[in-house]
Amino acid sequence: MSRLPSAFGSEPAFIPYLAVGDPDIPSSKQYVEALVEGGADCIELGLPFSEPIAEGPTIQKAVVRSLSGGITPDAYFEFVDDLDVDVPLVCMTYYNLIFRYGAESGTAAGEGDYAAPGPRPFVKRAAEVGIDGFVVPDLPAEEADDLREACDEFGLDLVFIVAPTTTDDRLETIREQVSGYVYVQARLGVTGAQADVSDQTAESLARIADWDVPKAVGFGISSGDHAARVVEAGADGIIVGSALVDIVADGVENDRPTAEVADALREKARELKEGALRSAKRSPETDGR
Amino acid sequence: MSSDSSADGKFGEYGGQYVPEALMPAIEELRDAYERYVLENEDGFVDEFRQRLGQFGGRPTPLQHAEHLSARYDREVYLKREDLVHGGAHKLNNALGQVLLAKYMGKERIVAETGAGQHGTATAMAAAHLDMPCEIYMGETDIQRQRPNVFRMRINGADLNPVTAGRGTLKEAISETMRDWATNVDDTHYVVGSVVGPAPFPEMVREFQSVISEEVRKQAKEQFGTLPDSVVACAGGGSNTMGAFAEFVDSEARSASGRSSGRSPREDDEDVSLLAVEAGGSSLAVDEEEGVAPNSASLSTGGQGVLHGARTKVLQDEWGQIVESHSVSAGLDYAGVGPELAYLVDEDRVSAVNVGDDAALEAFHRLSQEEGIIPALESSHALAYVEKVLGPERSAATGAADADAEVDDEAAELLGDRIVINLSGRGDKDLETVIEETDKRDIPNAPDMSEFAGGL
Ligand SMILES: Cc1ncc(COP(=O)(O)O)c(C=O)c1O
């Protein structure tokens, strides 16, 4: 059963993202633990895919580091299984890895067996190791029936993204499919830390204010002040990826010891979490639940 | 548009719309515009498109009887001369259609990916012609091996964005263009360069390219009173392929594969064999450990997967990570293929075959010498396949391995007596690559390349 509801208690949730295996599995483990110590209420664990079409340069580079470090879906699941943290875990990946998991080979290679196993084996394995839900950036609600079905079977959540461009018609489709939380994309474009938060955020949040499911805002949040403003605008949670991956990248580029990078991540997590709480305390009436 | 519109964007199980949510509204807007302007000729879109394709694009292109190839194979070989379309390839058919559509939609900016540079060139030309700002994404590797096209795009006024990710070829260029589109979707149209990507692109690009088979049908009837026995086309993403096949695929096979603009079934449709020739590269094997496929034969060797917005056949490792493809021809060097082609191959309506780098180079030199036409390396694959099945070497080799000979006989029969080869483009852009690659190997029919030492 998904533990995602527990991430959204009375306080705004802080949901950090990291690419698993960036730059290697043992470091990644310390980084995730540091984020939890820094106040994470839920973690989005990225399973890197070779064609990350929704990611900006920061996460693209993390994906390359992680893939060249040898991450595979099985290694990822093992990582999650070994992880000793007490917060819900969301698997963030692209659909082909979910669609193909359990295949013997990627190609037909003359044997003519080119069919894909579909999402069930992946979801089953994810449930076994303690994943609570999924975010799949290249899977819009229209194509998600198979994955939704598998998630229902294993009691996992399926998070969908609402973008600034999402039309009212599409909002209804998404509302029917979404569970766990709704990922409110703060701005158009790809992932990446930004110097400022976008005005589109408040507008997007207002459009889905009456949804039962918690609303977490992501794309570009990089400081405690951003976090505060996003919560003020009505978010139930903040999702931060690139600003944290930047710290990992800095560690790799400057050859910093893992513990030092973990410290920096913990500190950044505190800043973000405090930012989110700060505004929650100041304006409890905007707490939409 | 209602959200169930994706149902008709499928070809059997293939196709669909696997894109970030931010792009879905743009794709729905595009589908709506495609239906109104392209399928229903609203505001006279189709009339203007056809008129510009004639005046600016130089259509119709000839269906030329290739005398020397015909004598060589003892069959009637015809070349559909898409190399004579303005810009030197079939790519303009689609680029002009989409840039014009973007204009009708009120978009203010064009982005496009390019592999060989042919689509980028065609888009840059169409954008200049229709006065639209244009940015092209191109992989670093491709920029190196397709210099002439880089210059042409710049000279036409397009901005060029080099893509350094991965191996720097078409796959990375598509991903990067999608990112641009996701960022600037309000005022920007992404001119996808082949029958790939999310619906409605595969269907729409096929519609724009189907002018090829429309002309072939008519020209065949005029020139020899009947339809050809076979149509042979190379397949990268498969746009020249689907363009050359579209009018020979009956609407029953089609009904599951998206709409066509009011075409009704024809009795003779099934009589025409359709052969999609993929790049066999240097080997058909995929090294899953290394994450590379020394070929681009997704139809022949790929597994079902989801890449760049569509479910199709892709070259991938055991986990579903997309592997790096290879072909001596930049335009075929792609790990995916159009979903409709994947469907038609599964349905046995289209035969997927392949030839390697060496055979393509040999075919390049042969056509240049024997017919006086320098073909694109992409198109050379189609030529090489006919040589592989009907060429003198094959005749000499038969009798050796009986099982192989039988397969060859079947292949020869499939081609029939009247063969149309879609000459999708001209080879000027490839000269540098050809000189270099020919020099590296033993291509028996090539002129002495040492006189070109140091390149062009
Ligand atoms: C001359 C030519 N033929 C064929 C292709 C392959 O594209 P498609 O398979 O979409 O026709 C290209 C691509 O650049 C090309 O330039």
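The values are calculated or read from the model by the stated rules, or taken from the named source; none is laboratory data. Nothing here was measured: the structure is a model prediction, and the numbers come from that model. Cβ coordinates were reconstructed from backbone atoms using ideal geometry, including for glycine residues, and neighbour counts include every protein chain displayed. Protein only, heavy atoms only, side chains kept; ligands, DNA and RNA dropped before computing areas. Shrake-Rupley method; radii C 1.70, N 1.55, O 1.52, S 1.80 Å.
Take segment B:217-247 and flag every residue that is within 16 Å of the ligand (Cβ to nearest atom) and hydrophobic (A, V, I, L, M, F, W, C).
B:Val231, B:Val232, B:Ala233, B:Cys234, B:Ala235, B:Met242, B:Ala244, B:Phe245, B:Ala246
Among B:Leu84, B:Leu96, B:Leu101, B:Leu69, which is out of contact with any Phe, Trp or Tyr (no Cβ under 8 Å at 6 or more places or on another chain) and open to solvent by less than 10 Å² (accessible area, probe 1.4 Å)? Break it down into steps so the answer makes sense when it comes.
On the way: B:Leu84 fails: open to solvent by less than 10 Å² (accessible area, probe 1.4 Å); B:Leu96 fails: out of contact with any Phe, Trp or Tyr (no Cβ under 8 Å at 6 or more places or on another chain); B:Leu101 fails: out of contact with any Phe, Trp or Tyr (no Cβ under 8 Å at 6 or more places or on another chain).
So the residue among B:Leu84, B:Leu96, B:Leu101, B:Leu69 that is out of contact with any Phe, Trp or Tyr (no Cβ under 8 Å at 6 or more places or on another chain) and open to solvent by less than 10 Å² (accessible area, probe 1.4 Å) is B:Leu69.
Conditions first: (1) among the aliphatic types (A, V, I, L, M); (2) more than 14 Å from chain A (Cβ to nearest Cβ); (3) under 14 Å from B:Val292 (Cβ atoms). B:Leu361 passes all but one, so which condition is the exception?
(3)
Out of all the residues in segment B:134-150, is one or more open to solvent by less than 10 Å² (accessible area, probe 1.4 Å), within 16 Å of the ligand (Cβ to nearest atom), within 14 Å of another protein chain (Cβ to nearest Cβ) and touching a strand residue (DSSP E or B) at 6+ places or on another chain (Cβ under 6 Å)?
yes
I'm told A:Ala202 meets every condition in (1) under 16 Å from the mean Cα position of the chain (by Cα); (2) modelled with pLDDT under 95 except one. Can you identify the failing condition by its number?
Of (1) under 16 Å from the mean Cα position of the chain (by Cα); (2) modelled with pLDDT under 95, only one is false for A:Ala202: (1).
Failed condition for B:Met153, given (1) more than 18 Å from A:Pro52 (Cα to Cα); (2) surrounded by fewer than 23 Cβ atoms within 10 Å (Cβ to Cβ), with all others met?
Result: B:Met153 passes all but (2).
Exactly one condition in (1) more than 14 Å from every other protein chain (Cβ to nearest Cβ); (2) more than 23 Å from B:Thr241 (Cβ to Cβ); (3) out of contact with any helix residue (DSSP H, G or I) (no Cβ under 6 Å at 6 or more places or on another chain) is not met by B:Leu39; state its number.
In the conditions (1) more than 14 Å from every other protein chain (Cβ to nearest Cβ); (2) more than 23 Å from B:Thr241 (Cβ to Cβ); (3) out of contact with any helix residue (DSSP H, G or I) (no Cβ under 6 Å at 6 or more places or on another chain), B:Leu39 misses (2) alone.
Which members of segment B:119-146 meet the condition of being within 20 Å of the chain's Cα centre (by Cα) and more than 26 Å from B:Asp187 (Cβ to Cβ)?
B:Thr141, B:Asp142, B:Ile143, B:Arg145, B:Gln146 - these are the residues of segment B:119-146 that are within 20 Å of the chain's Cα centre (by Cα) and more than 26 Å from B:Asp187 (Cβ to Cβ).
If only one of B:Arg75, B:Arg109 is farther than 21 Å from B:Gly238 by Cα, in contact with a Pro (Cβ under 7 Å, 6 or more places away or on another chain) and more than 16 Å from the ligand (Cβ to nearest atom), which one is it?
On the way: B:Arg75 fails: in contact with a Pro (Cβ under 7 Å, 6 or more places away or on another chain).
Criteria check complete, one pass: B:Arg109.
Being of a type in the set (Asp, Glu), away from chain B (no Cβ under 14 Å) and touching a residue at least 24 places away in the same chain (Cβ under 8 Å) narrows it down to one residue among A:Asp199, A:Asp212, A:Asp225; which is it?
Working: A:Asp199 fails: touching a residue at least 24 places away in the same chain (Cβ under 8 Å); A:Asp212 fails: touching a residue at least 24 places away in the same chain (Cβ under 8 Å).
On inspection, the qualifying residue turns out to be A:Asp225.
Count, please, the residues in segment B:159-185 that happen to be at the interface with chain A (Cβ under 8 Å from one of its Cβ atoms) and within 16 Å of the ligand (Cβ to nearest atom).
Count: 1.
I need the full set of residues from segment A:46-78 which are away from chain B (no Cβ under 12 Å), crowded, with 24+ Cβ neighbours inside 10 Å and closer than 28 Å to A:Glu11 by Cβ, in order please.
Going residue by residue through segment A:46-78, those that are away from chain B (no Cβ under 12 Å) are A:46, A:58, A:62, A:65, A:69, A:78.
Narrowing the set further to residues that are crowded, with 24+ Cβ neighbours inside 10 Å leaves A:46, A:62.
Matches in segment A:46-78: A:Gly46 only.
Are any of the residues in segment B:163-176 open to solvent by 10 Å² or more (accessible area, probe 1.4 Å) and part of a strand (DSSP E or B)?
no
Inspect all residues belonging to segment B:186-193 and state whether any of them is more than 16 Å from the ligand (Cβ to nearest atom), touching a residue at least 12 places away in the same chain (Cβ under 8 Å) and in a loop (DSSP other than H, G, I, E, B).
Of the residues in segment B:186-193, the ones more than 16 Å from the ligand (Cβ to nearest atom) are B:186-189.
Keeping just the survivors that are touching a residue at least 12 places away in the same chain (Cβ under 8 Å) gives B:187-189.
Now drop any that are not in a loop (DSSP other than H, G, I, E, B), which leaves B:187.
Yes, because at least one residue in segment B:186-193 is more than 16 Å from the ligand (Cβ to nearest atom), touching a residue at least 12 places away in the same chain (Cβ under 8 Å) and in a loop (DSSP other than H, G, I, E, B).
Please indicate, with yes or no, whether at least one residue in segment A:52-61 is among the β-branched types (Val, Ile, Thr) and under 22 Å from A:Phe99 (Cβ atoms). Outline the logic, then answer.
Taking segment A:52-61 first, the residues among the β-branched types (Val, Ile, Thr) are A:53, A:58-59.
So of that shortlist, the ones also under 22 Å from A:Phe99 (Cβ atoms) come out as A:53, A:59.
There is at least one residue in segment A:52-61 that is among the β-branched types (Val, Ile, Thr) and under 22 Å from A:Phe99 (Cβ atoms).
Every residue, every condition in (1) in contact (Cβ under 8 Å) with a residue 40 or more places away in the chain; (2) surrounded by fewer than 24 Cβ atoms within 10 Å (Cβ to Cβ); (3) of a type in the set (Asp, Glu), yes or no:
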position: B:Gly305; (1), (2), (3): no, no, no
position: B:Glu318; (1), (2), (3): no, yes, yes
position: B:Asp348; (1), (2), (3): no, yes, yes
position: B:Leu361; (1), (2), (3): yes, no, no
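Restricting to segment B:313-334, give me the number of residues that are under 30 Å from B:Thr433 (Cα atoms) and either more than 9 Å from chain A (Cβ to nearest Cβ) or among the acidic types (Asp, Glu) (or both).
If we filter segment B:313-334 for residues that are under 30 Å from B:Thr433 (Cα atoms), which is where we start, we get B:313-317, B:321-334.
Adding the requirement that they be either more than 9 Å from chain A (Cβ to nearest Cβ) or among the acidic types (Asp, Glu) (or both) leaves B:317, B:324-334.
Count: 12.
Which fully enclosed helices (runs of 4 or more DSSP H) of segment B:379-447 have 2 or more residues being within 15 Å of the ligand (Cβ to nearest atom) and at pLDDT below 95? Lay out the reasoning, then the answer.
On the way: elements: B:392-397, B:402-415, B:431-440.
So the answer is B:431-440.
Look at B:Ala199 and say whether it is within 16 Å of the ligand (Cβ to nearest atom), buried (at least 24 other Cβ atoms within 10 Å of the Cβ) and touching a residue at least 24 places away in the same chain (Cβ under 8 Å). Give the derivation first.
Values: within 16 Å of the ligand (Cβ to nearest atom): no; buried (at least 24 other Cβ atoms within 10 Å of the Cβ): yes; touching a residue at least 24 places away in the same chain (Cβ under 8 Å): yes.
No; evaluated as a whole, the condition is false for this residue.
Could you pull out the residue among A:Ile174, A:Ile221 that is open to solvent by less than 20 Å² (accessible area, probe 1.4 Å), under 20 Å from the mean Cα position of the chain (by Cα) and farther than 21 Å from A:Phe14 by Cβ? Don't jump to the end; show me each part of the working.
Values: A:Ile221 fails: farther than 21 Å from A:Phe14 by Cβ.
So the residue among A:Ile174, A:Ile221 that is open to solvent by less than 20 Å² (accessible area, probe 1.4 Å), under 20 Å from the mean Cα position of the chain (by Cα) and farther than 21 Å from A:Phe14 by Cβ is A:Ile174.
Take the residues in segment B:284-303 that are open to solvent by 20 Å² or more (accessible area, probe 1.4 Å) and at the interface with another protein chain (Cβ under 7 Å from one of its Cβ atoms), then tell me which one is farthest from the chain's Cα centre (by Cα).
Top of the filtered list is B:Glu288.
In segment A:105-122, which residue that is open to solvent by 50 Å² or more (accessible area, probe 1.4 Å) and facing chain B (nearest Cβ under 7 Å) is modelled with the highest pLDDT?
The first filter runs over segment A:105-122 and keeps only residues open to solvent by 50 Å² or more (accessible area, probe 1.4 Å), leaving A:109-111, A:113-115, A:117, A:120.
Of the ones still in play, those that are also facing chain B (nearest Cβ under 7 Å) are A:109, A:114-115.
On the way: A:Ala109: 49, A:Tyr114: 78, A:Ala115: 85.
The qualifying residue modelled with the highest pLDDT is A:Ala115.
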